[in-house]
Every structure is written in structure tokens, then in C-alpha cells.
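S.K.: Can you keep this structure in mind? I'll have questions shortly.
The values are calculated or read from the model by the stated rules, or taken from the named source; none is laboratory data. All figures in this text were calculated on a predicted structure; none of them were measured in a lab. In this analysis, Cβ positions are derived from the backbone assuming ideal geometry, glycine residues included, and neighbour counts consider all displayed protein chains. Each accessible area value is taken on the protein alone, full model and side chains, heavy atoms only, with ligands, DNA and RNA left out. Shrake-Rupley method; radii C 1.70, N 1.55, O 1.52, S 1.80 Å.
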Amino acid sequence: MTRVLISYSHDSAEHKALVLRLADRLRLDGVECELDQYINGSPPEGWIRWMENRIEWAEFVLLVCTPSYLRRYRGQELAAGRGVTFEGVVISQALYDDFGRNTKFIAVLPESGSVENIPRALKAFTAYRVMAEYEALYRVLTGQPATPPPDVGSQRELGHAPRHLGGIAASTIYNDNTTTTTKKPMSDILRANWIGVLVVLAGAILTAIVVWVSHSSSVNIEQSPCAVGNTGTISGSITQTCTGDQP
């Protein structure tokens, strides 16, 4: 159960009634709210210790900010309101001790209140109007955000674009949720290129051999032991005319 204390100045009977209505509603909604008006007479430890102890006890302290509250909070109204003056000292010291960090002290404003009545140290934090913004205030006091963030899901794997890095050729295959990358050494790539070149050269050599054989088979020259040159036509055979002795 959340523990709350309300700090306010006794500006008027109407103002005290507004603060009492706020405290009553918080208690009816499950918040353990403390208010000086609930004390019958005086607390056993006295008002000074009661105020300091209640501020330390509370998880949240609501400051109902009015012009009179701000003057007393800052010690500028000494004729009355010693309670708010003392609470202002304790609250200011707590903020000072925490280097200005604050999750405990919350400024609330009456319907016609002005943000100029909020103590300087609390102007950097959200303030709420009573009772127009009661639900928003109640959410803060009870830890119930209106828009909680969703749970963080699993990280998506997007893979990489194909590229060549340091002599390594990388080819990437993309699936819906997985990425498989295969890497081939550059030596394998060079070996494949050389094989292709050798195949082309072998084909060229084989073609040249076939042409040469075909050309040679179309000419049949019969040479004789004649001492004189041959005469004839090249049409499949050559007729030799010899002037020397024939065997």
C-alpha cells in the first residue's frame, strides 16, 4: 500500500476542505494517506517530530501549492504558518541531499492555482490539478502507467550484402529468419578460371589438328626415285616423266 503525506497551508476553510477531500478519496482508493486533520489534538511526539517523521515515512509527499504556501515554504511569512516553514526546510534539505533528483515530492495545484506558486526546486517536475487530474496523479502514486511499454522481443537477423573482403568471396543466401554465408578461398576461384582457359585451348588445338588431317588426306603425292623432276597434275595422282634409266 502506497504511503502518502499531504503538505499544505491553512489558507481558508474552503481550502482545508479541498485538501481533506483529496486525502479521503486517496484513502478510499487504497492509498495510506496521512493528514494533520486526521490527528485528534496533537501527536504524542509533537508536531515538529511528527512532520519530520511523516516526511521520511511517506513514499510520496504532495505539496498543495498556493501563494501563501510558497511564501511560508521559503520562510517569507513569519507571522503564521510555522508548520509549512519547517516542512519547507526538511523538503529542501532532502532535495539538496539527492542532488536535485526527485521521485518523492509532487506539486499539486487547486483548480485556479498557478505554476508560479510551485517551489523552484519542483518546477522541473510534473504538477497535477486537484481534482481535475486526480486519475493521472493516482496512476503515479500507485505505479499504474496509462501506456506501459510492450515487452522487448527477439532481435531480427538481417544478414549482410554480398561483397569481397581480403581475398575472400562471400555469397549470402537469405531465408525468412536465418542467414547462411558460404566463403570460398580465392585459390579455388583461380583454379576454376584456369580450367576454363585450358578447356578453350584444348578445343582450339583439337580443331587445328582436324583441319590439318583433312587437308593432308586430299593430296596424295607418289614420289619416285627419278633423278629428274615430276610433271603432272594435282588431281588425286601425279604422272611422273623420267628421262633417266628405269629399273
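S.K.: Can you give me the Cα centroid spacing of the stretch 1-45 and the stretch 54-122 in angstrom?
M.R.: Between the Cα centres of the stretch 1-45 and the stretch 54-122 lies a distance of 15 Å.
S.K.: Roll a 1.4 Å probe over the protein chains and send me the accessible area per residue for the stretch 1-159 in Å². Please report the intermediate quantities before stating the final value.
M.R.: Numbers: 9570 Å² over 159 residues.
That works out to 60 Å² per residue.
S.K.: When the expected Rg is taken as 2.2 N^0.38 Å, what fraction or multiple of it is the alpha-carbon Rg of the stretch 1-77? Intermediate values should be presented prior to the final figure.
M.R.: On the way: Rg = 12.6 Å, N = 77, 2.2 N^0.38 = 11.5 Å.
Rg over 2.2 N^0.38 Å, computed on Cα atoms: 1.10.
S.K.: Among the chymotrypsin sites (Phe, Trp or Tyr not before Pro) within the stretch 81-146, which fall in a DSSP loop and have no more than 10 other Cβ atoms within 10 Å of their own Cβ? Write down the numbers at each step before the final one.
M.R.: Numbers: sites: Phe86, Tyr96, Phe99, Phe105, Phe125, Tyr128, Tyr134, Tyr138; in loops: Phe99, Phe125.
Those satisfying the criteria are Phe99.
S.K.: Turning to a different aspect of this structure: Around Val115, under 14 Å between beta carbons, what's the net of Lys plus Arg minus Asp minus Glu among the other residues?
M.R.: Details: positive: Arg120, Lys123, Arg129; negative: Glu111, Glu116, Glu133.
Neighbourhood net charge equals 0.
S.K.: So what's the stretch 116-160 giving for Rg/Rh, alpha carbon basis, Kirkwood Rh from the mean inverse pair distance? Numbers along the way, then the final one.
M.R.: On the way: Rg = 18.5 Å, Rh = 14.2 Å.
My calculation puts Rg/Rh at 1.30.
S.K.: Next question, about the same structure. Using just the alpha carbons, could you tell me how many Å³ per residue the convex hull of the stretch 1-131 encloses? It would help to have the intermediate numbers written out before the result.
M.R.: Details: hull volume 14.7 nm³, N = 131.
Cα convex hull per residue, to the nearest whole number: 113 Å³.
S.K.: Can you tell me the FRET efficiency between Ala79 and Arg120 if r is taken as the Cβ-Cβ distance and R0 is 25 Å, rounded to the nearest 0.05? If you can, show how the numbers build up before the last one.
M.R.: On the way: r = 23 Å, r/R0 = 0.92.
So the FRET efficiency works out to roughly 0.60.
S.K.: Roughly to the nearest percent, how much of the accessible area of the stretch 65-170 is carbon and sulfur, given a 1.4 Å probe?
M.R.: On the way: 3890 of 7060 Å².
In the stretch 65-170, the share of accessible area belonging to carbon and sulfur is 55 percent.
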